[in-house]
Amino acid sequence: MKEPNNDFKIFSGNANPGLVEKICAYLGRPLGKAKVSRFSDGEVQIEINENVRRKDVFLIQSTCAPVNDNLVELLLMLDALKRSSVSKITAVIPYYGYARQDKKVAPRVPISAKLVADLLTQAGANKIITLDLHAGQIQGFFNVPVDNLFAAPVLITHIKKHFSPDNLVIVSPDAGGVERARAFAKRLDAELAIVDKRRSAPNQAQAMAVIGDVKDKIAIILDDMVDTAGTLTEAAAALDAKGAREVNACCVHPVLSGPAVDRITGSKLKQIIVTDTVPLNENAKQCNKIEVLSIADLVGEAMIRSYRGDSVTSLFV
């Protein structure tokens, strides 16, 4: 069996050091020697301080806040590694920034997710490993292989351990998330409900109605990300008004920008379960309603299987 050796290298930018440390621990491999610094005007400077010629390199970097800084770090590190004559570069992007801009929603707007895909491949990425893309079709924006993993195994294991299947209902906060919620409900042997949401402007949402029976039940709202938490808290209020015994939430990517933490703190949510694809900001760390699960083992397993040439299909479900 092909095990990690000196040809297996892991590098990372500054985006999510906690997750990177856990992935390296799972793989039993040290983090590569690289220096990511800034010129006085803010320009990013990259130095790879070890020989990577003909190595199989995995570059881990979430493009989370500050999004543009972390994206430029990722692009420059890809370019530096490519110019160092590596054998292959796999960009491991637990959180893919700009994924929400995956189509034209108005005249004369960019498809930013496609542009970022082009930048990554032009910079030198030979393969992409990511987690819970906002829209699955983003995989088609790349001309290199993409493994879009799902945090479902981690979240479902946690739900089974901490929630009784009796009177459990999985809730989609909008019509777009029904397929994801249905898959969770099936595996948890739970019921399904949908919140009918109307969005009046970007980052502003108003929950209108609940489709399904949630009275006297434990509701778990399921979404791929939580940004300003407007959708989440409106959905929680709607479920509470319909008589839900308690309202919880599971969101993979805790972006938690702007008023998100304050909204969660003052909402009807009992708890929100997230993963460490995005590091929590200081305000979020102080919120006792937020619990973080790690996807380090999942990502690490995908990396080693990719290195060996093994199938990663079992990690998708």
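Does segment 300-316 contain at least one residue that is loosely packed, with under 15 Cβ neighbours inside 10 Å, within 19 Å of the chain's Cα centre (by Cα), of a type outside the set (S, T, N, Q) and not assigned by the TED database to the domain that holds Thr90? Steps first, answer last, please.
Residues of segment 300-316 that are loosely packed, with under 15 Cβ neighbours inside 10 Å, as a first pass: 308-311, 313-314, 316.
Now narrow it down to the ones that are within 19 Å of the chain's Cα centre (by Cα): 313-314, 316.
From the residues that got through so far, the ones that are of a type outside the set (S, T, N, Q) too are 316.
From what is left, the residues that are not assigned by the TED database to the domain that holds Thr90 are 316.
Yes - at least one qualifying residue is present in segment 300-316.
Please state which one of Ala123, Ala99, Ala91 is farther than 19 Å from Ala302 by Cβ and outside the structural domain of Cys251 (by the TED database).
Unique residue meeting the criteria: Ala123.
Given the options Arg38, Arg54, name the one that is more than 14 Å from Gly124 (Cβ to Cβ), surrounded by fewer than 23 Cβ atoms within 10 Å (Cβ to Cβ) and free of Cβ contacts under 8 Å to residues at least 24 places away in the same chain. Step through it out loud before you land on a result.
Numbers: Arg54 fails: free of Cβ contacts under 8 Å to residues at least 24 places away in the same chain.
When all the criteria are applied, what remains is Arg38.
Which of the residues belonging to segment 251-275 are more than 23 Å from Ala15 (Cβ to Cβ) and among the small types (Gly, Ala, Ser)?
Residues satisfying the conditions are Gly266, Ser267.
When you go through Ala249, Ala284 one by one, which is the residue that is of a type in the set (Gly, Ala, Ser), over 26 Å from Asn70 (Cα atoms), within 17 Å of the chain's Cα centre (by Cα) and not assigned by the TED database to the domain that holds Pro17? First the steps, then the outcome.
Values: Ala284 fails: over 26 Å from Asn70 (Cα atoms).
Answer to the selection: Ala249.
Does segment 116-126 contain any residue that is in a strand (DSSP E or B), of a type in the set (Val, Ile, Thr) and touching a residue at least 40 places away in the same chain (Cβ under 8 Å)?
First, pick out the residues of segment 116-126 that are in a strand (DSSP E or B): none.
No, that holds for no residue.
Strands (runs of 3 or more DSSP E) wholly in segment 184-290 with at least 3 residues that are surrounded by fewer than 20 Cβ atoms within 10 Å (Cβ to Cβ) and modelled with pLDDT under 95 - which ones?
Working: elements: 191-201, 204-211, 218-226, 246-254, 269-275.
It comes to 191-201, 204-211.
From the list Phe150, Phe184, Phe163, which residue is in contact with a strand residue (DSSP E or B) (Cβ under 8 Å, 6 or more places away or on another chain) and over 22 Å from Arg245 (Cα atoms)?
Phe150
Can you find a residue in segment 44-54 that is touching a helix residue (DSSP H, G or I) at 6+ places or on another chain (Cβ under 9 Å) and not in a strand (DSSP E or B)? Spell out how you get there, then give the answer.
From segment 44-54, those touching a helix residue (DSSP H, G or I) at 6+ places or on another chain (Cβ under 9 Å) are 44-48, 52; that's our starting set.
Subset that is not in a strand (DSSP E or B): 52.
Within segment 44-54 (the criterion being touching a helix residue (DSSP H, G or I) at 6+ places or on another chain (Cβ under 9 Å) and not in a strand (DSSP E or B)), the answer is yes, since at least one residue qualifies.
(1) in a loop (DSSP other than H, G, I, E, B); (2) within 18 Å of the chain's Cα centre (by Cα); (3) modelled with pLDDT of 95 or more: which one isn't true of Phe58, the others all being true?
All conditions are met except number (1).
The values are calculated or read from the model by the stated rules, or taken from the named source; none is laboratory data. For clarity, every value in this text was computed on a predicted model and none was experimentally measured. Using ideal geometry, Cβ is built from the backbone for each residue, glycine included, and neighbour counts are taken over all protein chains shown.
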